[in-house]
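Quick notes on the structure that follows.
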Amino acid sequence: MRIAVVGTGYVGLVTGTCFAESGNTVTCIDIDADKVKKLSKGEITIYEPGLEKLFLRNLREDRLKFTTELAGGVKDSLLIILALPTPPGGDGSADLSAILKVADDLGKIISDYRVIIDKSTVPVGTAEKVQTAISANCKAEFDVVSNPEFLREGFAVEDFMKPDRVIVGTGSQKARKIISDLYAPFMRQDNRIIFMDERSAELTKYAANSFLATKISFMNEVAILCEKFGADVDLIRRGLGTDERIGKRFLFPGIGFGGSCFPKDVKALVKSAKGVDYEFKILQAVMEVNEKQKLSLVPRIKKYFNNDLKGKKIAVWGLAFKPNTDDIREAPSLFIIRELLKEGSQIAAFDPEAMANTRRELGENIELGGQYDVIKNCDALVIATEWNEFRTPDFDKMSSLMKRKVIFDGRNVYELQKMKELGFYYESIGRKTVSA
Ligand code: NAD
């Protein structure tokens, strides 16, 4: 099949590459000329495990192309996939301007049957808006399908190739057959496509992300209670997770959720609900809890240093909003760093993949360096992302490099007993504080 993907970010690049990998000819379109130039030359623009190898192979075999030209890019494509940003607008609702602009342009371009697939996360009713925008200038037959994407950054290729489910919202039998063929290579073991109407598909995505965010905020509140009651959230997590109705995943407390999806999607669903006269109370609380949780380490650090952080060197391990990605959008690390800078501390930070993005975001205000360079003479270390390489570090080296053996762990990476034995002052989330 010939496929065009409009928007070549995390979702678009993974989608384009994975569909090329299953034999399709894919043209990825983006308005960012620099990104298109790099990708055309074989320079990958995001870090995503396993993606680069597939990207290079499909580029070499001419199944994957990149362009800034919408008209040329969609020319022969039966399928046009929209993987465009839907950032929060000023009032929290999803900003659909990129999607509706492209829909408007497509209306002027297409002259024969196409299936327009919306992979972006969009509020209920967007498929109808896209339909209307295209129809305004278009005489050709076309179908608009809602096909929200569920990939997780850090596991995007795996998730795309082996999805738990593929949600497809369409009332068109013709589009349904085409989409079934498109996903057939990924459904060989069993067919996990769930067909439904467009509105239900759009809402499924928001409900899924909001539910996961709810699990996180719930556990973060349980962690707060643990600290107050002297209980251990790690034990409670195990006690809860073994109940199959609850499940083991997504029960880890920490310094809150970030990323480009959960915060914006929860906000957008609350806003959409308001639009139909409904106050989604649970989700309002989920957001409130998360706002507090993102910064929860700051008062603890201040307390430890008697409210005087001026000139204190704080090292930060982990900048990405979660491990295995270079994405720092809404990352808790950035909220913490900004607060600590306001308090007058010096920040030295390390992340295996997200340092270039952090430099762009925070400029020269912080020092960036190697994992052990940044802890040299530090007064405290903050762990903000649970990258695997932080799990079993060289503790002797840490002890000799750090000015004070003080760790504030926002991701519960270490065992309490071990930290006590090693002589660290160690605060984590929902567990007792230990010190030598
Ligand atoms: P992104 O910001 O990484 O990528 C969007 C791309 O679209 C950018 O490269 C941008 O230059 C390009 N773009 C913007 N306007 C354009 C236009 N008019 N024409 C062509 N290109 C244009 O965003 P993303 O993370 O890939 O997310 C895309 C959508 O998918 C969002 O709705 C998001 O909520 C959803 N989603 C994201 C993830 C994720 O993990 N990132 C997962 C599932 C769903």
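The values are calculated or read from the model by the stated rules, or taken from the named source; none is laboratory data. This one's a predicted model, so the numbers in the text were calculated from it and none came from an experiment. Cβ atoms come from the backbone with ideal geometry, glycine included; neighbour counts cover every protein chain shown. The accessibility values were calculated without ligands, DNA or RNA, using every heavy atom of the protein model including side chains. Shrake-Rupley method; radii C 1.70, N 1.55, O 1.52, S 1.80 Å.
Structural remarks
- Helix 262-275 axis versus longest C-alpha principal axis of the chain: approximately 60°, rounded to the nearest ten.
- Sparse packing (at most 14 other Cβ atoms within 10 Å of the Cβ) combined with a DSSP loop state is found for the following trypsin sites (Lys or Arg not before Pro) in the range 15-90: LYS41, LYS75.
- Placed amide H near VAL166: partners under 5 Å, 5+ positions off or other chain: ILE193, ILE194
- Subset of LYS205/LYS281; LYS108/LYS177; LYS119/LYS205; LYS405/LYS432; LYS292/LYS322; LYS294/LYS342 violating a 22 Å alpha-carbon distance limit: LYS108/LYS177
- DSSP-assigned coil residues among chymotrypsin sites (Phe, Trp or Tyr not before Pro) in the range 13-120, each with at most 13 further Cβ atoms within 10 Å: TYR113
- Taking amide hydrogens as placed 1.01 Å from N in the peptide plane, the amide H of VAL145 sits under 5 Å from those of ILE116, ILE117, ASP118, each at least 5 positions away in sequence or on another chain.
- For the pair ARG245 and ASN377, label points projected 7 Å from Cα toward Cβ lie 5.8 nm apart.
- On Cα atoms only, tilt of 97-109 relative to the major axis of the chain in degrees: 20
- Neighbour count of at most 12 Cβ within 10 Å plus DSSP loop: longest GluC sites (Glu not before Pro)-free window in the chain: 280-436
- Model label sites at LYS403 and LYS418, defined 7 Å from Cα along the beta-carbon direction, differ in position by 2.7 nm.
- In the chain, the C-alpha radius of gyration followed by the widest Cα-Cα span (Dmax) gives 23.5, 75 angstrom.
- Charge tally for ALA331 (other residues, Cβ to Cβ under 10 Å; Lys, Arg +1; Asp, Glu -1): -1.
- 16 Å Cα-Cα reach of LYS38 towards lysines, excluding residues that sit fewer than 8 places from it in its own chain: LYS53, LYS65
- Cα long-axis angle, helix 173-183 against the chain (0 to 90 degrees, to the nearest 10): 50
- Over the chain, relative contact order from alpha-carbon pairs under 8 Å, at least 6 apart, %: 12
- A simple count of charges around PRO352, restricted to other residues whose Cβ falls under 11 Å of its Cβ and scoring Lys, Arg +1 and Asp, Glu -1, yields -4.
- For the range 170-236, the set of trypsin sites (Lys or Arg not before Pro) satisfying both a DSSP loop assignment and a count of at most 13 other C-beta atoms within 10 Å is given as ARG188.
- Inter-label distance, nm, simple model (7 Å from Cα along the C-beta direction), ASN388/VAL276: 4.3
- 1.4 Å probe accessible area per residue over the range 324-436, in Å²: 43
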